[in-house]
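Before any comments, here is the structure.
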Amino acid sequence: MGALYTLYIQTEGHIQMLDITAEVQRLVSECGIVSGLCVLFLPHTTAGLLITEKRDPYLAVDYTKAIHALTGEERDYRNLEGNFAAHLSSVLTGVSQTIPIEDGRLALGAWQSIYLMEFDGSRKRKVRVKFMEDM
């Protein structure tokens, strides 16, 4: 079985949307993966992974507004750390993605990119990466 790789991503804002597609593609290329699957997993409870459109500069603002509208104000929750909205946001976005690899490239749609969503930053986040190669 192949190795488990780790990408380290430094977030800067309390809530932030970071395009990590280039970092993931770089790892695909460095590992020489030609065909198979790329599985991404985020081992954090206050961040998320999503695949969405990359060309609209307002999407990050809209996602942030929508998630805030869905999760509410921190003062309304009782968790001990005072960051339940970040935990709920992570649950809503999810912490894993699976992307096919074809001809050594992530087989994303023309408008798609992979994003790490920070909900409780700034922090150093880990994205775990596992490849399943076609034989």
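The values are calculated or read from the model by the stated rules, or taken from the named source; none is laboratory data. Since we're looking at a predicted model, the values are computed, not measured. Glycine also receives a Cβ, built like all others from the backbone with ideal geometry; neighbour counts cover every protein chain displayed. Calculation scope for accessible area: heavy atoms of the full protein, side chains included, ligands and nucleic acids excluded. Shrake-Rupley method; radii C 1.70, N 1.55, O 1.52, S 1.80 Å.
Details
- Conditions (1) within 18 Å of V127 (Cβ to Cβ); (2) touching a residue at least 40 places away in the same chain (Cβ under 8 Å); number of the one not met by A22: (2)
- E30 meets the conditions (1) modelled with pLDDT of 95 or more; (2) open to solvent by less than 40 Å² (accessible area, probe 1.4 Å) in every case but one. The failed one is (2).
- Residues of region 72-104 that turn out to be of a type in the set (G, A, S) and in a strand (DSSP E or B), as a count: 1
- For region 10-27, filtered to residues that are in a strand (DSSP E or B) and surrounded by fewer than 17 Cβ atoms within 10 Å (Cβ to Cβ), the residue that is farthest from the chain's Cα centre (by Cα) is Q10.
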